[in-house]
1. So what's Rg/Rh here for the range B:362-457, counting alpha carbon atoms and using the Kirkwood radius for Rh?
2. In vacuo Debye scattering of chain A, one point per C-alpha: log10 I(q)/I(0) at q = 0.06, 0.16 Å⁻¹?
3. Measuring from the lowest to the highest alpha carbon on each principal axis, how far does the range B:429-553 reach, largest first, in angstroms?
4. If you rank B:474, B:583, B:74 by fewest surrounding Cβ atoms within 10 Å, what's the result?
5. Hey, what D do you get for the range B:207-293 in µm²/s if you plug the Kirkwood alpha-carbon radius into Stokes-Einstein at 25 °C and 0.890 mPa s?
6. Using only the Cα atoms of the range A:99-193, what are the Rg and Dmax in Å?
7. With just the Cα atoms defining each centre, how far is the range B:576-615 from the range B:504-545? Give it in Å.
8. Can you give the convex hull volume per residue for the Cα atoms of the range A:177-235, as a whole number of Å³?
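Just so it is clear, none of the values below were taken in a lab; they were calculated from the coordinates. The structure presented is a predicted model; accordingly, all values stated were derived computationally and were not measured. Positions of Cβ are generated from backbone atoms using ideal geometry, with glycine treated the same way; all protein chains shown enter the neighbour counts.
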């Protein structure tokens, strides 16, 4: 498996996203311009210029026409995927950390950080077909969480929103009432800040990664803890394979602490685990710093990782990978 | 603890009481003596009633001096001056703290006096120093603590036979040796938890034996034969053992104990503590106790200033070179010795007093070392007078104190003594100055202890300028290994003390070039050795067979800090302890270098194999077993196979169960997904959702005409 090295960012990567067809890969980094790449050969297709701060996150609509990005410049922006044109800007009074389109792309959930005197929020906005009709008005604002919300995603049928963040707790919220329905168990759940959250293809279960060096698999509807994967590194990024019963977990020693002479000390590999048996299958090395983003192609035949080192590495799996027996 | 008080709670209460919290100096708040507000420390009962200091405060700083001359009033002042002179040398006598009562009838003194010091420590010291002090022939001081008088008064006049307690059978303290699978135990300490495990190499994982939180306040240690596990607490030390339950066997009270050490036959336990002096200019006070492990009795205590116990000048982390007392005479625990200024004090354990009532006087001795099996001391005296008096290594027999052998050495900068573990050989590593005195080079002096007259051989390395990085004798064997060389990749050489044709010559077996190693670990059974590159070398391991002179395997435990063979030499443990934060945990290897299993633990502090007592088999019997190994091993091979089959069977079952559980989840999700399909379609404006529609990659060729341009091209036909 020879990775394709994609050098298009000047600062650490923050987030990666494939479109539904799996032919485009969107990347966000601490430099101000998200990129879009051909997911097959790693050629760069274009950039989205307009943000004025680190871009933390993005999401792409089901038909691959709209892109939404959230940035440290305290805005979230809507883009035309094809032309790179900026369509609309949502203004906040704190950095936007996480964005996601709902089913049907008619809504988006955007989270804002606890910044200055602001409490962290998750806000639901209506996304209109015609950008001229777009408004900044929020349909729902979720508050009451202590500590930054690192990820907020939609539950099945847009009826719930799942949040996870610095307080190490996963919560499910009702999108009608804005009330918290369920909270992860303190004992069972993560012990340190949750850095990432990724849903399965059918949204029935999701995986969270935490700085406590574990990743945990949960049932989306009941919040039952199903599996725990133990690694040796603080986890920054996780994803669930849409094809096989595998999960991939990445991270590494905090960039601040990486002063060691040997690269291996930092644990900068992406580790594959068997989803059901919770056993380690293997690892993919390559990054020179912690891994900040990991994502499977929707066809499950390739995956991409983005690191603190500023590179995106695109891996197409060898045929051996599909015959792994453990 | 269930009791939790939040800061807000405290503030609210302070407001109710009208107390300004900022005005309160919290550091000045102290509990009244003896009051604990019902908060009981979890090990409170331990040793509580053994602390006499708490009970009898007030008079502990007074000593009573007896056997003074009885003098008439004319001489009273003179005597008082003499006494004052003697006792003010030891400490500060309180103002009016010297009181010599006078008989009102005869006006003569009674022949005793009281002296009050500022601190109990000074009084204690005065008692130690001057009890038995000879003022003149007929006046030998008898000094006692004032507090002890009550105790002496209570001694009954008539002898009473001691009450004999009925015999209760104790636990089998060596139960772990009877394990059916002949496994070895180890103890680990990670975070606040201490755990004892079986090393189950067959199952490729450790099996928990016993686990306890907060078992020790600082560290743990096995006794040398593995019978006891010692823990260290604020109030003293404790030993545990017996069945798998690790019951407490004995407590040894010693407040603020810092270090402990067992005698090699584990009969005695030495505990050490050092205390902050009252006067910051003074040195630390040091207290050492030697306990009998089985009865818990203090056999002897030593007290003094830290200076007295660090005479050799080599101060280690804790301020002393531990162990202070080194045990000699093999497993019988007959002698122990310590290094002092120009002396080696040898004590024997029959009476716990100095052998022949005096120490061994050796000018300028800096280091000594007992033979591991015999009562022989090897000692080293450095060069004196700028080279006029040569350095010297000598062997002294105990208890006779005869010098068995001596060797003078010239232009020596340093010496290190290495005994082979069965006491047959002694290697002295000698660092000598070159002629210019600018650098040093190293050689070895090899003593053959068991031969007549103890012949000495001199060995120099092929390149004698090489630095010696490590030296190690083969246990129970005649070979040794040396890591030598400069630079990042040193060489490793093997030597033997026996050679086929000329039996008494040391000869080189081989040299391995450029190895990433800085430490040597012989298997306890000899024959196999592991070279390890610890710390700076990232944990490279090489397993080497010295009989065949070949490498069996190489491995790596990244960042490993410690390597330990199990007592049988079957397995090796490599560990990363919490000197750095990442990678903490341990790995178990087979003797031949196969990695068996790995366990990760955060905040990993200690890994210790439980030692085994020496084998009861005779040498002949052992030889017989190794010759007919096939016959003996047959039975175990079958067991191994069974265990393996069972394991794979269990594993299969476990996996099957996990798989079934998972399928349960999946079918439930599928059903829900199906139920929600209609809603989902609605949300997507009627578009079929998710996997319902198969998507297929088609290659489509699109041709676009960009431009059409017609041009007339001249065509020539005059070729023919």
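1. Numbers: Rg = 13.4 Å, Rh = 13.8 Å.
Answer for the range B:362-457: 0.98.
2. Once normalised to I(0) and log-transformed, intensities are -0.18, -1.47.
3. 45, 42, 21
4. Numbers: B:474 22, B:583 18, B:74 8.
Arranged by neighbour count, lowest to highest, B:474, B:583, B:74 become B:74, B:583, B:474.
5. On the way: Rh = 13.9 Å.
Using the Kirkwood radius from Cα pairs, D works out to 177 µm²/s.
6. 13.8, 48
7. 19
8. Working: hull volume 5.6 nm³, N = 59.
It comes to 95 Å³ per residue, whole-number rounded.
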